[in-house]
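A.B. asks: The structure follows.
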């Protein structure tokens, strides 16, 4: 039996459409991709997806060989399902429903989202609110697309910055929906929220162990990002691997962990050409550089 390899991807630019993001990721030598299905700075709670966009996206996957289950959709940044504000919570929950509708139409593997923020007192009510929004989305949209909580960078009152909070959210999901939900870990968010992922392979592995114990399962995806901010700084600014405070070697350790095999490992690092033409399918030079680096660190693709 062959050994399961690494599935490396990128959040490629969507200039010209989501189908072009797929082509750019593939032309950077990648087998996974992350996309937005609507403008990330707006709720997208009213936006549907046109049939022609779906068809072009699916054709791009077929041509490039990127498997639908290795596609992540990132929900809008403004969503705040942890909010105590009923209006904000309602719009966020509605937006998760619409995101799941669009993503199900595309046939992708999963949708990831940030839990949002709330007053940091008792985490229980916040976890219940996030889980309620997730349950509403999962019940509204049946199918194979899963819904993933992403750990936060921990700035201010953001929720989901540690293993206990992520685990608490998923523990509040109804049992019949739990199979369609999970979580993912962002290396920059881990680092700036105070998790030591860079001093040794052992400390990094212990971090992953902590999340797995709190949730009851390993992550469903990773975001591979170096960090402009220092350990515990809560600064959510991503850097190219090796250009930040995490450095290069910790990503070698991460790739050697069996929990990183067979799931999307998605770069959210800077792009060199942000003004690329809509019809240009070229892989970004920074993505090509990151792909070469990851292979040199032991990525088996």
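A.B. asks: Kindly indicate which of 130, 108, 73 is under 15 Å from residue 184 (Cβ atoms) and over 14 Å from the mean Cα position of the chain (by Cα).
C.D. replies: 130
Each row is one residue, and each column tells you yes or no for (1) crowded, with 21+ Cβ neighbours inside 10 Å; (2) touching a strand residue (DSSP E or B) at 6+ places or on another chain (Cβ under 9 Å); (3) modelled with pLDDT under 95.
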site: 171; (1), (2), (3): no, no, no
site: 185; (1), (2), (3): yes, yes, no
site: 197; (1), (2), (3): yes, no, no
site: 200; (1), (2), (3): no, no, no
site: 208; (1), (2), (3): yes, yes, no
site: 221; (1), (2), (3): yes, yes, no
site: 239; (1), (2), (3): no, yes, no
site: 243; (1), (2), (3): no, yes, no
site: 254; (1), (2), (3): yes, yes, no
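A.B. asks: If you scan the range 205-231, which residues turn out to be part of a loop (DSSP other than H, G, I, E, B) and under 15 Å from the mean Cα position of the chain (by Cα)?
C.D. replies: 218, 219, 220, 225
A.B. asks: Which one of these is more than 14 Å from residue 21 (Cα to Cα) and part of a helix (DSSP H, G or I): 84, 69?
C.D. replies: Values: 84 fails: part of a helix (DSSP H, G or I).
None of the others qualify; the one that does is 69.
A.B. asks: Pull up the range 14-60, narrow it to residues that are touching a residue at least 60 places away in the same chain (Cβ under 8 Å) and over 23 Å from residue 263 (Cβ atoms), then point me to the one that is surrounded by the most Cβ atoms within 10 Å (Cβ to Cβ).
C.D. replies: 20
A.B. asks: Consider residue 147 against the criteria (1) touching a helix residue (DSSP H, G or I) at 6+ places or on another chain (Cβ under 6 Å); (2) closer than 30 Å to residue 230 by Cβ: it satisfies all of them except one. Which criterion is unmet?
C.D. replies: All conditions pass for residue 147, except number (2).
A.B. asks: What number of residues within the range 254-273 are assigned to a helix (DSSP H, G or I) and either farther than 16 Å from residue 8 by Cβ or free of Cβ contacts under 8 Å to residues at least 12 places away in the same chain (or both)?
C.D. replies: 1
A.B. asks: Mind listing just one residue for me: the one in the range 68-90 that is surrounded by fewer than 20 Cβ atoms within 10 Å (Cβ to Cβ) and in contact (Cβ under 8 Å) with a residue 40 or more places away in the chain and, of those, nearest to residue 112 (Cα to Cα)?
C.D. replies: 69
Conditions tested, residue by residue: (1) in a loop (DSSP other than H, G, I, E, B); (2) closer than 15 Å to residue 294 by Cβ.
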site	(1), (2)
15	yes, no
26	no, no
30	yes, yes
43	yes, no
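A.B. asks: Being more than 15 Å from residue 291 (Cα to Cα) and more than 16 Å from the chain's Cα centre (by Cα) is the requirement here; does residue 238 meet it?
C.D. replies: Values: more than 15 Å from residue 291 (Cα to Cα): yes; more than 16 Å from the chain's Cα centre (by Cα): no.
When the stated conditions are applied, residue 238 does not pass them.
The values are calculated or read from the model by the stated rules, or taken from the named source; none is laboratory data. Given the structure is predicted, the values throughout are model-derived calculations rather than measurements. With ideal geometry, Cβ positions are generated from the backbone for all residues, glycine too; neighbour counts draw on all protein chains shown.
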